[in-house]
1. Cβ contacts < 7 Å: first residue farther than 20 Å from I393 by Cβ, restricted to segment 357-377; second residue in a helix (DSSP H, G or I), any location; separation 6+ or different chain. Result?
2. Please determine whether any residue of segment 57-68 is touching a residue at least 12 places away in the same chain (Cβ under 8 Å) and either over 30 Å from V374 (Cα atoms) or exposed (fewer than 10 other Cβ atoms within 10 Å of the Cβ) (or both).
3. Looking at segment 400-415 only, could you name the residues that are in a loop (DSSP other than H, G, I, E, B) and within 9 Å of the ligand (Cβ to nearest atom)?
4. Please report, ordered by residue number, the helices (runs of 4 or more DSSP H) entirely within segment 295-399 with at least 3 residues that are more than 16 Å from the ligand (Cβ to nearest atom) and modelled with pLDDT under 95.
5. Name the residue, out of V258, V276, V247, V263, that is within 16 Å of the ligand (Cβ to nearest atom), over 18 Å from V295 (Cβ atoms), at pLDDT 90 or above and crowded, with 20+ Cβ neighbours inside 10 Å.
6. Which is under 27 Å from P410 (Cβ atoms) and free of Cβ contacts under 8 Å to residues at least 12 places away in the same chain, of N116, N126, N172?
7. Residues that are farther than 30 Å from A342 by Cβ and modelled with pLDDT of 95 or more: which helices (runs of 4 or more DSSP H) entirely in segment 11-129 hold 3 or more of them?
8. Kindly indicate whether G175 is assigned to a helix (DSSP H, G or I) and within 16 Å of the ligand (Cβ to nearest atom).
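The values are calculated or read from the model by the stated rules, or taken from the named source; none is laboratory data. The shown structure was predicted, so the numbers you read here are calculated from the model rather than taken from an experiment. We place every Cβ from the backbone using ideal geometry, glycine too, and count neighbours over all the protein chains shown. Note: accessible area is taken over every heavy atom of the protein model, side chains too, but ligands, DNA and RNA are not part of it. Shrake-Rupley method; radii C 1.70, N 1.55, O 1.52, S 1.80 Å.
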Amino acid sequence: MKGKKGKQNKTATSANAKDVEVKALFLGPKSENRDYFKNTLNFLMDEHMHWRRDFHPEDAEIASVQEMRRGNYQETLHRTYEVLSQLSAKLKATSMPWFSARYLGHMNSDTLMVANLAYMAAMLYNPNNVAYEASTATTPMEIEVGKDLATMLGFDPKDSWGHITTDGTIANYEGLWMARNLKSFPLAVKKVKPSLVKGMTDWQLLNMPTQKALDLIEKVKKAGCFDAVRSETVRGTGVGEGKLGVVLVPQSKHYSWVKAADVLGIGNRNFVEVQVDGRFRMDMGVLKRTIDDHVAKKIPIIAVVGVVGTTEEGAIDRIAEIARLRDEYQKKGVSFYFHVDAAYGGYSRALFLDEKSRFMEYGALKRRLFSDKVFVGNHSYPSKEIYESYKAIPAADSITIDPHKMGYIPYAAGGIAIKDRRILDLISYFAAYVFESGKS
Ligand SMILES: *Cc1c(COP(=O)(O)O)cnc(C)c1O
């Protein structure tokens, strides 16, 4: 983010991307930046404590100096200290050294100094982003972050929506939740207001393309029966014995998808794993055959999930080809929701963008990555295929992305970006317009 371009209410920074020294961003494997870290932490703590002190200065302090000297008071402080030193001893004895270049056993790495400091500073204010009144400072930041994530992933900021989740698991739940509720929406319209879907068979209704189904939401709202229809969707009726169809995921999927299928009542039986190829990417031939087999049996496909950065292998599914397949099937009257699980690899899309968040042309990108020394040495990364996959990410209806992975943010910070925010009406229990009224 560039300070001079940012609007006033945006979190401003003065540094240009090119001026950033990576070594100054982390505490460092030897705590090289410890003085800076401690001083800044002290400053942030002082800020908070002054804030408390100056809030209605006329109010009395609750503890007098005399009281603070008493045995029980001192004893209580001492016990707190003991608990904290035990915690620290345990943390040091058994934690994994993510910060060390010796550690390669898990996808975690060091976390950004600014994120750690910001986390500790914000914690003292205990914001609750569930309601604006409880998070007047942090809710606007979450909206800004949601927009940034959606833009980085290629969605149009005007129509899209993004927010922070506790982790990628919850983001995946939300993706499948939307897919499931959307699948049941056209059938619910038929039940409540058949004139809006006149002449369509159940099979056609179960294969309505995402955008058409979202347009239908607007028509139903105009007809004044949205609440009645919504209560006839799966959120009101519950999932009935696989009627809505199956979910297709690559074998390499994260295990949160198995849980999502269970929690959302899809059922493991309707959760179909598609074989991967020798490079751990979903085999496109098998995917096509699997779709054909289900269509032949008149079983709808609720969603197809592609993974960008599989947890174990870091493999990138052929997102462009999945998107092409979806368009092809759509022409044949078969539609499914498309979710990309980019929990692990989503942040890498930033490498493909110029300063204006435009996806760079392949040749220019490669020159840029080497001239900026993002890559050094003699190799041909990224391949054209990976390039095409990253380019096609915005073809998805929604995307999972984890700041606590390649965003170098401490746990817990997952995220989801949604292409068309109209879908929120099918899952939200607070009116979506609460957030829209700010026109942010
Ligand atoms: C890590 C990961 C998730 C979600 O994991 P959380 O620990 O819940 O954030 C989902 N999908 C993929 C591919 C992942 O790598």
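1. Close Cβ pairs (under 7 Å, with a partner that is in a helix (DSSP H, G or I)) amount to F375/L369.
2. no
3. Matches in segment 400-415: D402, H404, K405, Y411, A412, A413.
4. Values: elements: 319-331, 362-371, 384-391.
Output list reads 362-371.
5. On inspection, the qualifying residue turns out to be V276.
6. N126
7. Because the criterion is at least 3 residues that are farther than 30 Å from A342 by Cβ and modelled with pLDDT of 95 or more, the helices (runs of 4 or more DSSP H) in segment 11-129 that meet it are 34-54, 71-94.
8. It is true that G175 is assigned to a helix (DSSP H, G or I) and within 16 Å of the ligand (Cβ to nearest atom).
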